1. Report, in debye and to the nearest 20, how large the dipole of segment 1-48 comes out about its Cα centre when Lys and Arg carry +1 and Asp and Glu carry -1 on their Cβ.
2. Modelled label-to-label distance, residue 160 and residue 1, 7 Å Cα→beta-carbon offset: nm?
3. Distance from the Cα centre of segment 173-210 to that of segment 4-46, in angstrom?
4. About its Cα centre, what dipole magnitude does segment 22-159 give when the only charges are +1 on Lys and Arg Cβ and -1 on Asp and Glu Cβ, stated in debye to the nearest 20?
5. Do any trypsin sites (Lys or Arg not before Pro) in segment 114-213 lie in a loop, going by DSSP, with at most 16 other beta-carbon atoms within 10 Å of their beta carbon, and if so which?
6. If you place +1 on the Cβ of every Lys and Arg and -1 on the Cβ of every Asp and Glu, how big does the dipole about the Cα centre of the chain come out, in debye to the nearest 20?
7. Let's test the formula: R0 of 30 Å, r as the Cβ-Cβ distance of residue 22 and residue 146. What FRET efficiency results, to the nearest 0.05?
8. Let me know the longest stretch in the chain that avoids all GluC sites (Glu not before Pro) found in a DSSP loop with at most 16 other C-beta atoms within 10 Å.
Amino acid sequence: MEILGIDIGGSGMKGALVDSETGEILSNRFRIPTPASRKPQAMAKTFKSIVDHFNYKGDVGCGFPSIIKKGVCKASGNLHPSWKDVDVENLFSEACGLPVTVINDADAAGYAVMNYGIGRNKPGLVIMITIGTGLGSGVFYNGELIPNFELGQIPYKKYKKIESWAAASIKERKNLSFKKWGKRFNVFLELIETIFCPDHIILGGGTSKDFNEFKKWINIDTPLIPAKLGNHAGLIGAAVAALKPSKKNNV
């Protein structure tokens, strides 16, 4: 089945058609910069533009960069504060006139990697970290998603959340070398290892492709591997989320 997946980030909103059985991307990826305001109505308009680009009629899956519970945004994350408590599924569905399923973006990326990528059939506790504007996280136990773990929100020293110190966006903003940034990212991974003692950590997001540039600065015992699906994982997982029963009926 061909499904449209849309992956929303702090800097860009992108979509692609995905084969739900194989996880294969069937179209060119279409990207529009996230509106500078990062407000709900502006982003809903951009969401519709992506759907219109594909002339698509069907269920849409969406990965969203915040905690999503029963389709509702529970924290604004790196978006505008007005997103808190917005029913994202209803907002986007009304904008494009199609059924939309929304899940956390890191959960979406993790779902793709655990079903179609390097995480497939990995037992135990597996944590996927997406490195981008923030630090997203998807947590799985024996392949089953445990939703809405926002590990990038862990407070660190003077920072309200560690992603404000160790995300890829900070590396770019402060023009940090891979060495300096890698040491910061290693602190984040050490916290995860201490708190959760996972069996594997998988790295996703755009910066995961540069793993060889910073892996020498990572010093943890947990096996650490980059996701082969790379920056497409969020799109793939978002698309497949559209096949799942609505979260609105679940806790």
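The values are calculated or read from the model by the stated rules, or taken from the named source; none is laboratory data. Just so it is clear, the structure is predicted and the values come from calculations on it, not from any experiment. For neighbour counting, all protein chains shown are included, and Cβ atoms are generated from backbone atoms with ideal geometry for every residue, glycine included. Side chains included, ligands, DNA and RNA excluded: accessible areas come from the protein's heavy atoms. Shrake-Rupley method; radii C 1.70, N 1.55, O 1.52, S 1.80 Å.
1. So the dipole magnitude of segment 1-48 works out to roughly 540 debye.
2. 4.0 nm
3. 25 Å
4. Charge dipole of segment 22-159: 440 debye, to the nearest 20.
5. For trypsin sites (Lys or Arg not before Pro) across segment 114-213 that sit outside H, G, I, E and B with at most 16 neighbouring Cβ atoms in 10 Å, the list reads 120, 157, 158, 160, 174.
6. 1040 debye
7. The calculated FRET efficiency here is 0.75.
8. By the stated rule (loop sites, at most 16 other Cβ atoms within 10 Å), 25-251.
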